[in-house]
Every structure is written in C-alpha cells, then in structure tokens.
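Peer 1: Handing you a structure now.
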Amino acid sequence: MSSAGRRRRHASGVPVLLAGIAVAALALVPLGFVVVYTVAIGPSEGWELLVRPRIGELVANTTKLVAGGIALCLVVGTGCAFLVERTDLPMRRVWYALLAAPLAIPAFVNGFGWISLTHRVEGFAGALMIVTLSYFPLVYLPVAASLRQLDPALEEAAFALGRSPLRTVLTVVLPQLRPAALGGSLLVGLHLLAEFGALQMLRFPTFTTAIYDQYRSSFNGPAANMIASVLVLFCLVLLLGELRLRGSRRYARVGAGAARSAAQHQLGRWRVPALLGVCGLAVLALGVPAYSLVRWLVVGSSTEFPITELALATATSVSLAGVAAVVTTLLALPVAWLAVRRGGVVGTALERGTYLANALPGIVVALAFVTVAVRYVQPVYQTHVLLVAAYAVLFLPRAVVSVRAALEQAPPLLEDVAGSLGSGPLATARRVTLPLILPGVGAGAALVFLAVVTELTATLLLSPLGTSTLATEFWSRTSSVAYGAAAPYALLMIVLSVPATLLLGRQLRKGLGP
Amino acid sequence: MTSLTMTGVRKGFAGVPVLCGVDLDVPQGSITAVLGPSGCGKTTLLRILAGFLAPDAGRIAFGDTVVVSDHRHVPPQLRRVGYVPQEGALFPHLDVAANVTFGLPRRARRGDRLGAVLDLVELPRALAARRPHELSGGQQQRVALARALAPGPAVVLLDEPFSSLDAGLRSATGRAITRALRAASATAVLVTHDQDEALSLADQVAVMRDGTLAQVARPVDLYHAPVDTAVATFVGGATLLPATVTRSGDTARSALGELQMVDPLPPGPVSLLVRPEQIELVAAATPATNGRPGVEPAVARVSEVCFYGHDAAVHLIVAPSGTQVVARVLGVDPPEVGAEVHLAVRGCVRAYAAS
C-alpha cells in the first residue's frame, strides 16, 4: 500500500535505524577489538603469554577482590537498607542520605584519603575495605528502594498464617529483595573489575592495574591485550548473570508504591549497636577521606594553591565533560528511541549492545581505542576526538537509561492526540514530545558530564600530551607523593560530582541502574 | 458538524485481516456506538477514522469531504477530528486550561472558549489551573472531551472512554459526556464493549463481529429485532428456545407453550428468542389469567435466584422437558429457590432458523 501514513512512518524510521546501528557499532568497538585480537594471536602464542606465574597471581587477586567485595557490599548494603527502611533507627532520614553519599567520592580519592594517612591499608585487606566503603551504596540504594515498594500485605498475610517476624523476613521479604540485591552486587562486581586508581594506590595488583603497567612500562601490546581478553571474559561472566536478572525482573508500575508504610521492627536492645554500626560506617566511608583531604589542604607541607593550574585543569575537565555529555546524549537518542518506539528484536539488541560496553573496564575501552586509532585512523590518535569517543562508549548506558525513561514518559498516544487537535509533526515535537522528554534527557547528560569529570583510567591513557584534567593532575601528584598538592584537585572533583550522585541515587532508587 | 460515511474499509496487520469491509453511516449530530468484544477490530476502526492508521482499502468521507480514498489520505492534523482515548491521555506537562486550548489557534487560547467548553462538560471553571494528576478519573475524561470539543471538530471519536472508571462514576460520566456531545450537536463515534453503555448512550448501535458490522440499528430495534441469534445474545440476556412452527405459521410450539411470533414463518423447527423480562411468573396456586385462552401455562421450578435489589434474575427449570430459562422479575417479591411457578410469555417472540 502506498498510503501517506505508511510512507511517513518508513521515512522517519530508516535514518533512525541506521543511526542506532552506527552507535551500537561504535559501542562494540572495544569488544570487537578484544575478540579479533584474541583470535588473531592464535592459541599457542596466547597460551604462552597467559601461562606465567604473574597471571596466576592476577587471577587469584582479581577473583578474591571481586568475590570478597561483592559479599561485603551485599551484607553491608542490605543491612543498611533494612535498618534505614524497616526499623526504628533514630534519625533515619539523615542516615538514608549519608549512606548514599560515598558514591560522591571516587574510589581513587577514597584510596588517597586512606593511604595518605597510613600505609597499613596496602594489600588485600585494605583494598577490600576501601572498595567496599566506596561501592556498597550500589547495593544499598536499590535494596532500600525495593524494601520501600514491597507490598506490606504480603508480610501481613505471612503473619496471619502464623509466621514469626524473623521467619517472615527470611521467607517473604528477603526472596523479594533478591533481584535488587543481585542486580546491585553485579554492578559492584563490574566496578571492581574496572577499578584502577584505588587499587594502584593501595598496591594491590589486579588485571586492570597490570594492563596499565604493561602498557605504560613497555608499550607491550600483545601482553596487555591478552590480559585484557581475560579481563573481558570475567566481565562477560558477570554480565550474563546481570542480563538474566534483567530479563526476569519485574518493573514496578508507575504509582504502584504501597499506600501504607510497612511494619517497622523495634530494635530494642539492638538500638545502640545498630546506631554505632552505621556511625562507624559513615566515619570510615566519609569521615576518613574528608578528614584526610582537609588535613592535607590545611596542614600539608606541600600544600599550595596554584590557582592558574587548578583553574586550567578545571576548565579542561569541564569542557571535555561538556562536549562528551552532549555527544553521548545525542548518540543515546536513536538507541533509546528504537528501544522504546520500535522495540522488538532489533531495538532490544541495539540497546543491549550499548550496555555491553558498560561492562568493559575503562582500561579495555582505552586500550582498544588506542590500538584501533594507531592502526586504522592515525589522524585521531592523540586528539580530543578519540578521548571523547571513548567517554561516549563508556558512559553511553547512563545516557540511554535516562533518555529511555524519558521517552517512556511520552507515549505515542499523546502525539496522536496532538495530531488530531490539528498540530503537525514539528509542532507536536515542540509542544508535546520535547517538553516531556527534556528533563530526562538533561538528567542523562548531567550524569555523563559528572562521570567524565571523575574518570581516571581512560583519561590517563587517551588524553593528548599536554592536556591536564582534574583527574590526571590529581593522579600525577599522588604518584609523586605530593599529597598536599593533590588534595585541592580531589576536593574539586568531589564538589563537581555531588549533583551527579543525587541523580544517580534517584535512578538507582527507581531500580533502573546506571 | 457533519455526517460521516465509510464504505468498504479494509485493514490487515501482517497479513491477518482485522477489518473486512466495513460500511457505516453516522448521521450529522448523532452518536453511534460501535459495540463489540475486545479484539474485534473496533479500536482499529477508530484509529483509521482519526487518521492514525491508513486502511488497506475503502473510502471515508466527513460530509462532502473525502478524507480517505484510494489516492487520498488526509493526515490527522487536517481532519478536524476530536479524539478521546481510553485513559484520557491528557498532556501531563500542561494544566487543564492549556490542555483544553491545545487545539485552538494561538490568539484564541486566551479567549472565552475555555470557559464555554468547561461549562459544556459540566466542570467548574476553577479547575482550569489544575494539573492532570490532580483530577479524578471522571474529571480527566471530561477534560479530554473538552479538549476534543474546543476546536469545533467535524467528528468526535471516543475510544472506550469510560472503561477505566469504576462502576458508579462510569454511568454518571457517560451521561454527562453524552449531554455535552448533544449540547454541542456533535457527530460522534463511541467505541465500547459494554452493551448497557452502547444501548443507553447512543442513537445508533453498530455491532462489530470478526471485522465486519453484523448489524447497525437504533438501540430499541437492535434489542428487539437482532439479525441473528449471536447478536441477540450479545446485546442482552436471552433464552433461545427450540420450537416448531405450527400449521398456521404465526405461532410456534415450545417448552413454554404455544407462543405468538412477530413474523409468520413456514412450518418447521426454529429457535425462539425470549428476553428474560418477557417471562412472567405466576404463583402455581392461582390459575394463570393472562395466558392465552385454552393453553395450559408451563410449569417450572426455581433453581437459582440472583437478587440485585431493583430486580432479580430467576433461573428456572421447565417441567417436564427440563429446559432452562431465565426470567427477570421486579425485586419487590422474588420467588424462593425450589418454589413451583407457572410461566407466561408477554408479547410476541422472534424466531430464527434452527441452527
């Protein structure tokens, strides 16, 4: 049929589809690089590169850290969520916000806070503690949200059937928290596999730090790339788990929030220990790095306020982040549009393709972009274009999630209604669709902006010579143990990432995940 | 306001036919209900009328203006249709005033049209500054209608506008909306799956079945003279009695006795349509006075009584055949379960070829 309506639909569909495919292709460059490289190097040489005592140590370290970190975050995050949402803990509102706050402190700044006070945190135990303190909110926030949305009627039904409160928690409440808790802990796992700065500072070698060292010391391509392949394998294992969870997770309907608040458990004699527990956690996760930063700012012998350098680094960080935010959001638009409006196999596959990149550590993405640029697109090597492209791939999922949620707020029915009221396609976009999606699109852009400001790994590998950002300046000063000089950069990064944390916290509470 | 004509409208999705040649005339200033079970294609029909979908074939005209033909597909924004979707679909970022005046030219948005249409749908003007989420479901539907009526559309299309409302609100909102449509002397098409809604609100009811219109008629005619037994049972409670047409050709013999038919038929087996309110219950002790003279009244036992207050549905088993029938009686004095009663049939009945 050659009806005008159908022609219109097709005409607007094809360019969006092509754009979506192009974006997904870009997002898949790092994974493609790793796969192609691994295949090309062949099994025998790959085996030789891998079977060395050093690799064994890295596998052990990485596994230990990821397993331990997930387990600790799960316990701490779920415990905190339960205390804040379901008990009569004093000052619950304050704790609610304070326990989410560690997200505002990049893990490498947290590591800096501790290591600059005492070298006793070096090694596995210290690393485990510090990554847990940095990443437990990734479990805490979704579990708290899940607890709040639970229908109290289920618990009441269990009570009515004669279950004790403790057994009700174990048999009715906990199973329902499973999707949120597991989703959050997989997020923790992916962050731990990608973590570089904190672990390097604490001298606990994992795959990520090893790749960086190989790359920096010898530009030893094959070895670094081979370790990257193993790291990607670790990520894929975690990601498969996450995808399975996502598939089976039921999203809460809008406005489905329970009208009644759920039963509050009386802490009784556990009140003081519980309070001391959350207090201690806040001191360790927020107090220590804050104290350390302030101390280095105030009393550190090397403290100086090189205003020009600080301003320059801030300006570079902010402008890079601004460009990356705009580019990433623009790239997210066709992907989110296809996922929401087209759906089906193609839309979902493209959306998932962009998520896949999120699972890859910054170091792998950076390595892939360096190698691909050097070999195939030499002119962009050592330029800001390459850096921004890497940022876009790394943080595309954050933008896609936000834009997607925004588009879901603007159902096509509203556009139909506007059309029937005499409004043409352009007018409808201006008067209905844009006003509805702009807040969400803006939030996505803000999330990308603030993620870029505190990004360290890819920035270290990809920033052109002579480009100094807050993160790279901070890094070079801590590497030369100039803690006092590093402190102002860390403080600026924290200040810049506070709004992002508020936004991210809101998304995690809604159960979306970054 | 204009009339609406559609002829031979066809539409399929991925090779599966949904509409198989729909013909419908909606006279100017009247309300037509398209009644059908869910999935029968009625929403597709409405979306084609609005211009959101293009039919595979067919012709649609609003008055003298052809909006759909083989060579023509007028886009929705040029059709001047008022569309009221199921959940109202008010623009969430705009207040009531901005929603209602959305379809007006910029200059007219500040004028008195807003107040006039709010009056029309019986909403207080003070509501104009509210946001959609601050309104009740019924109010949202009225605002959606006000928004559709404001630009003075040629045709108003309503897609199950009351189905998301609870029972009490539903009939009140339904009546208010039809009052507003009549006050605006609008030509309207209302899609619904609710028989009571269709019969009570519309001037004309089109029963949709398997992608075609099985019958288009006034509500009274549809209820009393359905084209076949399927339409008969769809639009209301009905008992289909097996019967045999007598030699005279104008009565038929059934478990309820010899009943007068509306139209004479040649002798042979038929199905008789008996509406529950046609069956009268007479206490077995008193002799039936209003039965036809010389005919024994049928005897039945009450098997079940569904009491609704204003009336009651009485399920009966007719002796000796065991035929089950349902009678609707006033709620003042319903019979007890197990009671034996005499049955009489009020008025003539309609006969259909036995299936």
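The values are calculated or read from the model by the stated rules, or taken from the named source; none is laboratory data. Computed from a predicted model, the values in this text were never measured in an experiment. Counting neighbours? That spans all protein chains shown, and the Cβs are built from the backbone with ideal geometry, glycine included.
Peer 1: Please go through region B:39-57 and give me each residue that is within 12 Å of chain A (Cβ to nearest Cβ), of a type outside the set (D, E, K, R) and in a helix (DSSP H, G or I), ordered by number. Quick ask: steps written out before the conclusion?
Peer 2: Of the residues in region B:39-57, the ones within 12 Å of chain A (Cβ to nearest Cβ) are B:43, B:46-57.
Now restrict to residues that are of a type outside the set (D, E, K, R): B:43, B:46, B:48-55, B:57.
Matches in region B:39-57: B:Thr43, B:Leu46, B:Ile48, B:Leu49, B:Ala50.
Peer 1: What number of residues in region B:225-272 are in a loop (DSSP other than H, G, I, E, B), over 20 Å from B:Gly322 (Cα atoms) and among the aliphatic types (A, V, I, L, M)?
Peer 2: So the answer is 4.
Peer 1: Something else: I'd like the residue in region B:215-225 that is under 13 Å from the mean Cα position of the chain (by Cα) and surrounded by 16 or more Cβ atoms within 10 Å (Cβ to Cβ) and, out of all such residues, is farthest from B:Asp25 (Cα to Cα).
Peer 2: The initial filter retains those residues of region B:215-225 that are under 13 Å from the mean Cα position of the chain (by Cα), namely B:215-223.
Filter again for surrounded by 16 or more Cβ atoms within 10 Å (Cβ to Cβ), leaving B:215-217, B:219, B:222-223.
On the way: B:Gln215: 12, B:Val216: 9, B:Ala217: 11, B:Pro219: 15, B:Leu222: 16, B:Tyr223: 20 Å.
Filtering region B:215-225 for residues that are under 13 Å from the mean Cα position of the chain (by Cα) and surrounded by 16 or more Cβ atoms within 10 Å (Cβ to Cβ), the one farthest from B:Asp25 (Cα to Cα) comes out as B:Tyr223.
Peer 1: When you check A:Ser146 against the structure, is it over 18 Å from A:His265 (Cβ atoms), of a type in the set (Ser, Thr, Tyr) and modelled with pLDDT under 90, yes or no? Spell out the reasoning first.
Peer 2: Details: over 18 Å from A:His265 (Cβ atoms): no; of a type in the set (Ser, Thr, Tyr): yes; modelled with pLDDT under 90: yes.
Criteria not met by A:Ser146.
Peer 1: Look at region B:1-16 and say how many of its residues are more than 14 Å from every other protein chain (Cβ to nearest Cβ) and not in a strand (DSSP E or B). Before you say what the answer is, go through the steps one by one.
Peer 2: Residues of region B:1-16 that are more than 14 Å from every other protein chain (Cβ to nearest Cβ), as a first pass: B:1-8, B:16.
Next, from what is left, pick out any that are not in a strand (DSSP E or B): B:1-3.
Qualifying residue count for the region: 3.
Peer 1: Determine which single condition A:Thr87 fails, assuming it passes every other condition in (1) out of contact with any His (no Cβ under 6 Å at 6 or more places or on another chain); (2) surrounded by fewer than 18 Cβ atoms within 10 Å (Cβ to Cβ); (3) of a type in the set (S, T, N, Q).
Peer 2: (1)
Peer 1: Report those helices (runs of 4 or more DSSP H) wholly inside region A:165-238 carrying at least 1 residues which are farther than 28 Å from A:Ser463 by Cβ.
Peer 2: Details: elements: A:165-168, A:174-194, A:197-201, A:207-218.
The qualifying helices (runs of 4 or more DSSP H) are A:165-168, A:174-194.
Here is a yes/no grid of residues against (1) more than 10 Å from chain A (Cβ to nearest Cβ); (2) modelled with pLDDT of 90 or more:
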site	(1), (2)
B:His71	no, no
B:Pro75	no, no
B:Leu78	no, no
B:Tyr83	no, yes
B:Gln86	no, no
B:Ala89	no, no
B:His93	no, no
B:Gly103	no, no
B:Arg106	yes, no
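Peer 1: Would you be able to tell me the number of residues in region B:167-198 that are buried (at least 16 other Cβ atoms within 10 Å of the Cβ) and outside any helix (DSSP H, G or I)?
Peer 2: Residues flagged as buried (at least 16 other Cβ atoms within 10 Å of the Cβ) and outside any helix (DSSP H, G or I) within region B:167-198 amount to 10.
Peer 1: Moving on to the next point. What do you reckon, is A:Gly183 more than 20 Å from A:Phe112 (Cα to Cα) and touching a Pro at 6+ places or on another chain (Cβ under 9 Å)?
Peer 2: Values: more than 20 Å from A:Phe112 (Cα to Cα): yes; touching a Pro at 6+ places or on another chain (Cβ under 9 Å): yes.
It is true that A:Gly183 is more than 20 Å from A:Phe112 (Cα to Cα) and touching a Pro at 6+ places or on another chain (Cβ under 9 Å).
Peer 1: When only residues in region B:11-67 that are surrounded by 16 or more Cβ atoms within 10 Å (Cβ to Cβ) and hydroxyl-bearing (Ser, Thr, Tyr) count, which is nearest to the chain's Cα centre (by Cα)?
Peer 2: B:Thr32
Peer 1: To continue, here is another question. Whether any residue in region B:141-152 is in contact with a Ser or Thr (Cβ under 6 Å, 6 or more places away or on another chain), more than 10 Å from every other protein chain (Cβ to nearest Cβ), surrounded by 22 or more Cβ atoms within 10 Å (Cβ to Cβ) and at negative phi is what I want to check.
Peer 2: yes
Peer 1: State the number of residues belonging to region B:1-41 that are modelled with pLDDT of 90 or more, in contact with a Gly (Cβ under 8 Å, 6 or more places away or on another chain) and not aliphatic (A, V, I, L, M).
Peer 2: Residues flagged as modelled with pLDDT of 90 or more, in contact with a Gly (Cβ under 8 Å, 6 or more places away or on another chain) and not aliphatic (A, V, I, L, M) within region B:1-41 amount to 10.
Peer 1: Is there a residue in region A:40-47 that is part of a helix (DSSP H, G or I) and under 29 Å from the mean Cα position of the chain (by Cα)?
Peer 2: For region A:40-47, residues part of a helix (DSSP H, G or I) and under 29 Å from the mean Cα position of the chain (by Cα): absent.
Peer 1: Quick one: how many residues across region B:90-101 are among the hydrophobic types (A, V, I, L, M, F, W, C), surrounded by fewer than 22 Cβ atoms within 10 Å (Cβ to Cβ) and assigned to a loop (DSSP other than H, G, I, E, B)? Can you show your working first?
Peer 2: Taking region B:90-101 first, the residues among the hydrophobic types (A, V, I, L, M, F, W, C) are B:90-91, B:94, B:96-98, B:100.
With surrounded by fewer than 22 Cβ atoms within 10 Å (Cβ to Cβ) added as a condition, the list becomes B:91, B:94, B:97-98.
Still in the running and assigned to a loop (DSSP other than H, G, I, E, B): B:91, B:94.
The qualifying residues number 2.
Peer 1: Name every residue in region B:120-166 that is assigned to a helix (DSSP H, G or I) and more than 19 Å from B:Ala188 (Cβ to Cβ), in order of residue number. Give the derivation first.
Peer 2: Filtering region B:120-166 down to residues assigned to a helix (DSSP H, G or I) leaves B:120, B:125-129, B:132-134, B:137-149.
If the condition is that a residue be assigned to a helix (DSSP H, G or I) and more than 19 Å from B:Ala188 (Cβ to Cβ), then B:Arg125, B:Ala126, B:Leu127, B:Ala128, B:Ala129, B:Pro132, B:His133, B:Glu134, B:Gly137, B:Gln139 are the ones that fit.
Residue by residue, here is whether (1) modelled with pLDDT under 90; (2) in the same structural domain as B:Leu135 (by TED's automatic domain parsing); (3) under 28 Å from B:Pro105 (Cβ atoms); (4) within 15 Å of the chain's Cα centre (by Cα) holds:
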site	(1), (2), (3), (4)
B:Val155	no, yes, yes, no
B:Glu160	yes, yes, no, yes
B:Ala172	yes, yes, no, no
B:Ala176	yes, yes, yes, no
B:Ala184	yes, yes, yes, no
B:Val191	no, yes, no, yes
B:Gln195	no, yes, no, yes
B:Ser200	no, yes, no, yes
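Peer 1: Looking for something within 12 Å of chain A (Cβ to nearest Cβ) and under 30 Å from B:Arg179 (Cα atoms) - is there at least one such residue anywhere in region B:17-37?
Peer 2: Filtering region B:17-37 for residues within 12 Å of chain A (Cβ to nearest Cβ) gives none.
No, region B:17-37 contains no residue that is within 12 Å of chain A (Cβ to nearest Cβ) and under 30 Å from B:Arg179 (Cα atoms).
Peer 1: Ok, one more. Can you pull out every residue in region A:481-505 that is without any contact (Cβ under 8 Å) to a residue 12 or more places away in the chain and assigned to a helix (DSSP H, G or I)? Step through it out loud before you land on a result.
Peer 2: The first filter runs over region A:481-505 and keeps only residues without any contact (Cβ under 8 Å) to a residue 12 or more places away in the chain, leaving A:481, A:495, A:502.
Listed by number, the residues that qualify are A:Val495, A:Leu502.
Peer 1: Something else now. What helices (runs of 4 or more DSSP H) lie completely within region A:323-434 and have 1 or more residues being buried (at least 24 other Cβ atoms within 10 Å of the Cβ), over 24 Å from the mean Cα position of the chain (by Cα) and within 14 Å of another protein chain (Cβ to nearest Cβ)? Reasoning before the result, please.
Peer 2: Numbers: elements: A:344-359, A:362-376, A:384-408, A:412-420, A:425-428.
Helices (runs of 4 or more DSSP H) meeting the threshold: A:412-420.
Here is a yes/no grid of residues against (1) at pLDDT 85 or above; (2) among the aromatic types (Phe, Trp, Tyr):
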{"position": "A:Gly32", "(1), (2)": "yes, no"}
{"position": "A:Thr38", "(1), (2)": "no, no"}
{"position": "A:Gly42", "(1), (2)": "no, no"}
{"position": "A:Trp47", "(1), (2)": "no, yes"}
{"position": "A:Arg54", "(1), (2)": "no, no"}
{"position": "A:Lys64", "(1), (2)": "yes, no"}
{"position": "A:Val75", "(1), (2)": "yes, no"}
{"position": "A:Gly79", "(1), (2)": "yes, no"}
